[in-house]
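The structure under discussion appears below in the form of structure tokens.
Values in this text are rule-based calculations from the coordinates and carry no lab data. It should be emphasised that the depicted structure is a prediction, and the values quoted were computed from it without experimental measurement. Ideal geometry is used to build each Cβ from the backbone, glycine not excepted, and the neighbour counts take in all protein chains shown.
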Amino acid sequence: MAKGPRYRRPFRRRAEGKTNYHKRMKLLKSKKLRAVIRASNNHTIVQIIQSKIGGDKVIVSAHSKELVSKFGWNANTGNIPAAYLTGFLAGIRAKKQNVQDAILDLGIFYHRNRVLAAFKGIVQSGIDIPHNEDFFPSNIEETIKGSHIEQYASLLKSENPEKYEQVFSSYLKKNNINPQKISQMVSNTFKKIESST
């Protein structure tokens, strides 16, 4: 551990890798609503937050668990299509609360592809968030639809059926889903979100 007269111990949340206080201060100075996206191994959480002196106020929130409980999503909630749908759900809810624009708060940037997929969902719902299209990977339109999962499943099924059964066991046995038709599931869930919120 560092020592000396000029050493200053970082704040606890910075030391834990949870908060970048320099970035946070810049975001707070803008006085705009923040679109906060956080992803864990199994879930994605998207929130629209208003910063206040007494503490942050959550205006809108969406959790990837809701896709399963309310919109018929049976696949894994920790993948890119689920992150996109969660972002889209949050964006639709934000529009209902008359939120027109926000700024992106990435925090400490983990799980890059899922965070960007959720961000794409917010943007496509109609919320105005300043960004450059080069920020997104070139194949994001395909991955948010789940085509990368379909391609991988097709490749495995033809080349190594045993590994296919092993890798996609939760899809096949637990949820009775064909991983080669995941894009249809994404499309169906998207329509349900659009019509019911």
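Please go through region 102-142 and pick out each residue that is over 28 Å from G17 (Cα atoms) and touching a residue at least 24 places away in the same chain (Cβ under 8 Å).
Q124, S125, G126, I127, D128
Return yes or no: is R93 of a type outside the set (F, W, Y), part of a helix (DSSP H, G or I), crowded, with 16+ Cβ neighbours inside 10 Å and in contact with a Phe, Trp or Tyr (Cβ under 9 Å, 6 or more places away or on another chain)?
So R93 fails the test.
Look at region 17-37 and say how many of its residues are in contact with a Ser or Thr (Cβ under 9 Å, 6 or more places away or on another chain) and aliphatic (A, V, I, L, M).
The total comes to 4.
Run S69 past the list (1) of a type in the set (S, T, N, Q); (2) surrounded by 15 or more Cβ atoms within 10 Å (Cβ to Cβ); (3) more than 27 Å from D128 (Cβ to Cβ) and report the number of the one that doesn't hold.
Failed condition: (2).
Can you confirm whether region 14-34 contains a residue that is of a type in the set (S, T, Y), out of contact with any Leu (no Cβ under 6 Å at 6 or more places or on another chain) and closer than 20 Å to G121 by Cα?
no
Regarding V99, is this residue among the aliphatic types (A, V, I, L, M) and assigned to a loop (DSSP other than H, G, I, E, B)?
Criteria met by V99.
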